[in-house]
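Here is the structure we will look at, set down as structure tokens.
The values are calculated or read from the model by the stated rules, or taken from the named source; none is laboratory data. All values reported here derive from a predicted model rather than from experimental measurement. Cβ coordinates were reconstructed from backbone atoms using ideal geometry, including for glycine residues, and neighbour counts include every protein chain displayed. In case anyone asks, the SASA skips ligands and DNA or RNA and just uses the protein heavy atoms, side chains included. Shrake-Rupley method; radii C 1.70, N 1.55, O 1.52, S 1.80 Å.
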Amino acid sequence: AAHRDLHSFPTRRSSDLGLLLPAVQGARAAARRTQSMNNIKQILLAILTYENDKGRYPPAYTTGKDGKPLLSWRVLLLPYIDQDALYKQFHLDEPWDSPHNKQLIARMPAIYRSPQSAVTGGKTTYLTVRGEDTVFPGSAEVTMADIRDGTSNTAVLIEANDQSAVPWTAPDDFRPDPKDPLKGLKSPGRKDFPAGFADGHVQVISDTIAPQVLKALFTRSGGEVVELP
């Protein structure tokens, strides 16, 4: 057999690898975003199933007899995401950080964990939009009829950045800064963020969106006309 010089085999140049790496990283980032959007869609489905069952959207949090916040809407949704057994372990008349309920933080369902996030310790970046004219204003429960801007025009759930993550059982969410509603949403290496709407659809929103347009998306009865690409 003829001897073939090993050097005659084609080798991949480092410049080729340099071109390949961003493509691989981009594909992985796109896959993570797709999975995150699917998580949001499943959460929205649970919210809408709750609404169909109760006739209203879940409150942002439950309250005790003294009116103080206890547990997040994420806990209320547990029976609607096949986590009824976990739901029954909560002491619903105690706050999220009571000695008993605090033990359940580590058991966060996978649906509340974004593949785009690096946070651990039972924290989530899937937050409802909070504010007086949002679908999740606080302990008050909003009906579909209250969303006068239209359910397809009203964002109710966003994926915040890691700095804005909260314990999943805590009565904390995303409260937009009136001057800079994108604060808490922008992430290094990402140019957009997923948002879930009151009708159940999910859309990726660019972080170059005009602040006034984003604020209009967050309100349920502001009367604004909003068009997204």
Taking Cα centroids, how far is the range 83-131 from the range 166-213 in Å? 20
Residue-normalised accessible area of the range 147-229, given per residue in Å² at a 1.4 Å probe: 46
Convex hull volume of the chain per residue (C-alpha atoms, cubic angstrom): 187
Nearest-10 value in Å² for the accessible area of LYS54, using the 1.4 Å probe: 90
Between ARG28 and ASP84, what is the label-to-label distance in nm when each label sits 7 Å out along the Cα-to-Cβ direction? 4.0
Largest first, what is the accessible-area ranking of ARG33, ARG130, ARG107 with a 1.4 Å probe? ARG107, ARG33, ARG130
Summarise the accessible area of the chain (1.4 Å probe, protein heavy atoms) by the percent that is carbon and sulfur. 52
Residues of type lysines that LYS102 reaches as a straight line, Cα spacing below 29 Å, ignoring anything fewer than 8 places off in the same chain: LYS41, LYS54, LYS65, LYS68, LYS88, LYS123, LYS183
Please report the accessible area of MET108 (heavy atoms, 1.4 Å probe, ligands and nucleic acids excluded) in Å², nearest 10. 20
